[in-house]
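The values are calculated or read from the model by the stated rules, or taken from the named source; none is laboratory data. Note that the structure is a prediction, hence the values are computed from the model and not measured. Ideal geometry is used to build each Cβ from the backbone, glycine not excepted, and the neighbour counts take in all protein chains shown. Surface accessibility is based on the protein's heavy atoms, side chains included, excluding ligands, DNA and RNA. Shrake-Rupley method; radii C 1.70, N 1.55, O 1.52, S 1.80 Å.
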Amino acid sequence: MKPTPVRRILWVIAILIALGLLMAGLARAQPVQVTDDRGRAVTLPRPPQRIVSLLPSLTETICALDQCHRLVGTDRYSNHPASVQKLPKVGGGLDPSIESVVALRPDVVVMSVSSRAGERLEALGIPVVTLEPKTQADVQRVLLKMAQLLGQPDDAAHKVWRVIDAAVSAAAQSLVPEARNARVYFEVSRGPYGAGESSFIGETLTRLGVKNVIPASLGPFPRLNPEFVVRANPDLIMMGNRSMQAAASYPGWNTLQAVRLQRLCVYGPDESDAVVRPGPRMAEAARIMAQCINDKMARKTPAPPSTLPQASSPKP
């Protein structure tokens with residue numbers, strides 16, 4: 001009895017599904033090798049299925065590549081997307097609980113170069129990959145490295161980057177004429193530590209069409225003397241609320257033009273996380289920053305004299 005056309009079609013579909021599963025299994029079994037930011041080549045027998053991330057931007061990068069399900073633990077600051085908040089927390093990224101990490105039986109731990117945990121974990125036989133983006137080029141590079149580590153095609157990383165790049169360009173186009181070439185100071189944490197022209201934040205400001213008062217020659221995130229900002233006298237100040245104490249304690253800041261005209265953007269925890277993390281949410285960050293610049297620089301009438309707003313106490 002000859003098979004009916006319907007049966008032949010079902011047989012073909014079954015064979016294709018079986019071939020697909022076989023190829024997926026073979027892909028998972030292929031070894032992967034990544035050269036991390038220490039310059040070390042890290043080789044794994046297969047793409048990791050159990051990952052501990054000790055840097056929020058790396059956590060978000062893994063999830064942006066649709067591989068959130070491989071995370072089994074993170075540092076305490078990884079909070080996006082919401083699903084990772086339910087994962088076990090192993091402490092801070094710089095000094096995590098080694099015992100907590102080991103207990104999660106990870107195939108690999110991803111972390112920043114500056115973390116002190118790498119050598120101890122490697123001594124216990126746990127592979128470590130260090131990746132630390134500081135510029136937009138770094139963000140693109142880390143996306144590709146992470147896709148490579150996860151056994152994903154390069155196009156998965158390119159797709160995420162295209163979305164980021166397009167969003168930054170769209171945010172730049174949204175800037176009102178009065179805001180263009182405004183001189184901006186962005187404070188990333190208490191110190192003050194500022195975002196220089198060469199940082200990913202500084203690069204976003206440049207693409208938005210404003211001027212960063214911190215030159216590239218000072219590095220991506222230099223620690224500044226508060227007098228530097230007084231001398232620079234920016235038109236607008238941005239700062240992350242998560243890391244700021246009472247900003248008015250900086251000497252001389254109440255004389256700044258940005259303070260007198262109330263051109264200040266003090267970001268709350270959620271917005272601050274998006275703006276100061278060099279990862280997939282740079283698209284959201286560009287929109288947040290552009291909105292701040294438009295809102296503050298489009299004002300025609302100067303506001304009455306004011307002092308710097310009191311930011312809340314630091315939160316992780």
### Query
Within region 132-139, can one find any residue that is open to solvent by 20 Å² or more (accessible area, probe 1.4 Å) and among the hydroxyl-bearing types (Ser, Thr, Tyr)?
yes
### Query
Could you list, in sequence order, the residues of region 199-220 that are free of Cβ contacts under 8 Å to residues at least 40 places away in the same chain and either open to solvent by 10 Å² or more (accessible area, probe 1.4 Å) or among the β-branched types (Val, Ile, Thr) (or both)?
Thr206, Gly209, Lys211, Asn212, Val213, Ile214, Pro215, Ala216, Ser217, Leu218, Gly219
### Task
Search region 253-287 for residues being assigned to a loop (DSSP other than H, G, I, E, B) and small (Gly, Ala, Ser), and hand back the single one that is surrounded by the most Cβ atoms within 10 Å (Cβ to Cβ).
Gly279
### Task
Quick one: count up the residues across region 110-121 that are assigned to a helix (DSSP H, G or I) and within 22 Å of the chain's Cα centre (by Cα).
1
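Listed here are the residues, each with its yes/no results for (1) in a strand (DSSP E or B); (2) in contact (Cβ under 8 Å) with a residue 24 or more places away in the chain.
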site: Lys134; (1), (2): no, yes
site: Asp138; (1), (2): no, yes
site: Val142; (1), (2): no, yes
site: Ala156; (1), (2): no, yes
site: Lys159; (1), (2): no, no
site: Val163; (1), (2): no, yes
site: Ala167; (1), (2): no, yes
site: Glu178; (1), (2): no, yes
site: Val184; (1), (2): yes, yes
### Task
Output the residues belonging to region 116-131 that are in contact (Cβ under 8 Å) with a residue 24 or more places away in the chain and surrounded by fewer than 21 Cβ atoms within 10 Å (Cβ to Cβ).
Leu124, Ile126, Pro127
### Query
If we keep just the residues of region 41-64 that are within 18 Å of Val113 (Cα to Cα) and in a loop (DSSP other than H, G, I, E, B), which is nearest to the chain's Cα centre (by Cα)?
Leu55
### Task
Show the residue pairs that are 6+ apart or on different chains and have beta-carbon atoms under 9 Å apart, the first residue being within region 60-83 and within 19 Å of Glu284 (Cα to Cα), the second being open to solvent by 30 Å² or more (accessible area, probe 1.4 Å) and hydroxyl-bearing (Ser, Thr, Tyr).
Cys63/Ser83
### Query
Only one of these conditions is not met by Gly196: (1) in contact (Cβ under 8 Å) with a residue 60 or more places away in the chain; (2) of a type outside the set (S, T, N, Q); (3) outside any helix (DSSP H, G or I). Which number is it?
(1)
### Query
Any chance region 244-251 includes a residue that's modelled with pLDDT of 90 or more, open to solvent by less than 50 Å² (accessible area, probe 1.4 Å) and in contact with a Lys or Arg (Cβ under 7 Å, 6 or more places away or on another chain)?
no
### Pair list, Cβ < 6 Å and 6+ apart or interchain, from region 104-115 residues that are farther than 19 Å from Ala29 by Cα and touching a residue at least 24 places away in the same chain (Cβ under 8 Å) to residues that are open to solvent by less than 20 Å² (accessible area, probe 1.4 Å) and of a type in the set (S, T, N, Q)
Val110/Ser53; Met111/Thr130; Val113/Thr130
### Query
Would you say Ala166 is more than 14 Å from the chain's Cα centre (by Cα) and farther than 20 Å from Ile98 by Cβ?
yes
### Task
Would you confirm whether any residue within region 223-235 is open to solvent by 20 Å² or more (accessible area, probe 1.4 Å), of a type outside the set (Asp, Glu), within 30 Å of Gln67 (Cα to Cα) and in a helix (DSSP H, G or I)?
no
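In region 65-109, which residue that is part of a loop (DSSP other than H, G, I, E, B) and of a type in the set (Ser, Thr, Tyr) is most open to solvent (accessible area, probe 1.4 Å)? Please lay out each step first, then the result.
At the first step, the residues of region 65-109 found to be part of a loop (DSSP other than H, G, I, E, B) are 65-67, 75-81, 87-88, 90, 92-95, 97, 104-107.
Now drop any that are not of a type in the set (Ser, Thr, Tyr), which leaves 77-78, 97.
Working: Tyr77: 85, Ser78: 3, Ser97: 41 Å².
It comes out as Tyr77.
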